[in-house]
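Below is one structure, written out as structure tokens; the observations come after it.
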Amino acid sequence: MRNVFRPRSIAAAGACLAAAFAFADFVHAQSSAQAPTSTETPTADNAVLLTVFLRHDQSRPLAELNAQLANQGFYKAFPPPGVEVVSWYVMMGVGQVVTLRLPASRLREVNRILEDTAWGAYRTEFYPTYDYKAVGLGEHEKAK
């Protein structure tokens, strides 16, 4: 009968197991760490626009999704105080599309609120941008 467990195999398995535990500790630390909250307001030099796609789970009824959002405290937590809502639309067949204006330093806070309160009812997509309107219109005027 052949010995299936060779010393090298056991060492490799041990290393994989140790890596898995280390990764699990890292994930737990990331998910349990509280996002810092800030009262910083957006200014011309620190503001970003964040467009968030809240893609609803079409396999579940709307009432069920709304109950989950209420249970998770979505509308209580989102948007956080001091974050400006630029637009908030329902996009039929997709879900909701929200554009926020916030200081770049608060990006993690907004992300964590959505992770904690929207996941399950929504799949989220984030598109950080910046305001280019004045520059674009200025270039348009110069080109005339």
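What the Kirkwood sum gives for the stretch 47-134 is a hydrodynamic radius of 13.4 Å, with every pair of different alpha carbons counted.
Only Lys, Arg, Asp and Glu carry charge here, each on its Cβ (+1 for the first two, -1 for the last two); on that basis the stretch 47-134 has a dipole of about 100 debye about its Cα centre.
Would you mind calculating the relative contact order of the stretch 47-134 from Cα pairs under 8 angstrom and at least 6 residues apart, reporting the percent as a whole number? Intermediate results must be reported in sequence, preceding the final value.
Values: 135 pairs, mean separation 45.4, N = 88.
For the stretch 47-134, the relative contact order is 52 percent.
Ignoring aspartates and glutamates fewer than eight residues from LYS76 along the same chain, the ones with Cα atoms less than 18 angstrom from its Cα are GLU64, GLU84, GLU109, GLU115, ASP116.
Among 106-116, 73-83, 122-132, sorting by the average number of other beta carbon atoms lying within 10 angstrom of each residue, highest first, gives 106-116, 73-83, 122-132. Panel order for ARG55, ARG60, by other beta carbons found within 10 Å of each beta carbon, from fewest to most: ARG60, ARG55.
Each value in this text was obtained by applying a stated rule to the coordinates, not by laboratory testing. Everything quoted here is computed from the prediction, not taken from an experiment. Here Cβ is always computed from backbone atoms with ideal geometry, including for glycine, and neighbour counts include all displayed protein chains.
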